[in-house]
Amino acid sequence: MPLLVMKFGGTSVADLERIGNAAQKVQREVERGYDVIVIVSAMSGRTNELVGWVEQTSPLFDAREYDAVVSSGENVTAGLMALTLQEMGVPARSWQGWQVPINTTDAHSAARFVEIPRDNIDRKFQEASRSP
């Protein structure tokens, strides 16, 4: 099957209703025969809220912990998107970066992609296509 990557920014997934709207767009592409990878941002306003919490907690924060806290917004949205798609009958699961894995530079809070190996992703799509 052809692979399609769909990206939804924070405003597009700002609340559960908008996540549902985005999920309907994903469902249409799955029905057209695509394997779809969905990339989501944190829900609108969440990243700023999380950054604020870090700064209030520790003005001289550890960059690794900053990344852990701030990335949690995307993880929440990804989980909600997967649950919404499952409720619609679309096989879905959320992934965190380390599960793909997404390999980056080690510049915490400013990392850049180095490589995204497809082995785990391809294996999951193959497993899904073999399921009854």
In the range 62-98, which residues are surrounded by 15 or more Cβ atoms within 10 Å (Cβ to Cβ) and either charged (D, E, K, R) or in contact with a Pro (Cβ under 7 Å, 6 or more places away or on another chain) (or both)?
ASP67, GLU74
Could you give every pair whose Cβ atoms fall below 6 Å, whose first residue belongs to the range 97-117 and is closer than 14 Å to ALA63 by Cβ, and whose second residue is of a type in the set (Ser, Thr, Tyr), counting only separations of at least 6 or pairs across chains?
SER109/TYR66; ALA111/THR104; ALA111/THR105
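Yes/no per residue for (1) under 16 Å from the mean Cα position of the chain (by Cα); (2) not in a helix (DSSP H, G or I):
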site: VAL76; (1), (2): yes, no
site: TRP95; (1), (2): yes, yes
site: ASP106; (1), (2): no, yes
site: ASN120; (1), (2): yes, no
Out of all the residues in the range 42-61, which are surrounded by 15 or more Cβ atoms within 10 Å (Cβ to Cβ) and under 20 Å from MET81 (Cβ atoms)?
ALA42, MET43, SER44, ARG46, THR47, LEU50
Would you be able to tell me the number of residues in the range 1-47 that are among the hydrophobic types (A, V, I, L, M, F, W, C) and in contact with a Pro (Cβ under 7 Å, 6 or more places away or on another chain)?
0
Report whether or not ARG64 is in contact (Cβ under 8 Å) with a residue 12 or more places away in the chain and over 12 Å from the mean Cα position of the chain (by Cα).
yes
Have a look at ALA42, ALA22, ALA14 and point out the one that is touching a strand residue (DSSP E or B) at 6+ places or on another chain (Cβ under 7 Å), among the small types (Gly, Ala, Ser), modelled with pLDDT of 95 or more and under 26 Å from ALA111 (Cβ atoms).
ALA22
Quick check on this structure: which one of GLY33, GLY52, GLY73 is in contact with a Lys or Arg (Cβ under 7 Å, 6 or more places away or on another chain) and either under 16 Å from VAL5 (Cα atoms) or not polar (S, T, N, Q) (or both)?
GLY73
Anything in the range 71-102 that is among the β-branched types (Val, Ile, Thr) and modelled with pLDDT under 95? List them, or say none.
VAL100, ILE102
Starting from the range 35-47, keep only residues that are closer than 12 Å to ILE121 by Cα and in a strand (DSSP E or B), then list their pairs with residues that are of a type in the set (Asp, Glu) and at pLDDT 95 or above whose Cβ atoms are within a distance under 9 Å, requiring at least 6 positions of separation or different chains.
VAL36/GLU29
Do we find that GLN24 is within 20 Å of ASP122 (Cα to Cα), assigned to a helix (DSSP H, G or I), out of contact with any Lys or Arg (no Cβ under 7 Å at 6 or more places or on another chain) and among the polar types (S, T, N, Q) in this structure?
no
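The values are calculated or read from the model by the stated rules, or taken from the named source; none is laboratory data. From a predicted model like this one, the values you see are computed outputs, not experimental measurements. Neighbour counts run over all protein chains shown; Cβ positions are idealised from the backbone, glycine included.
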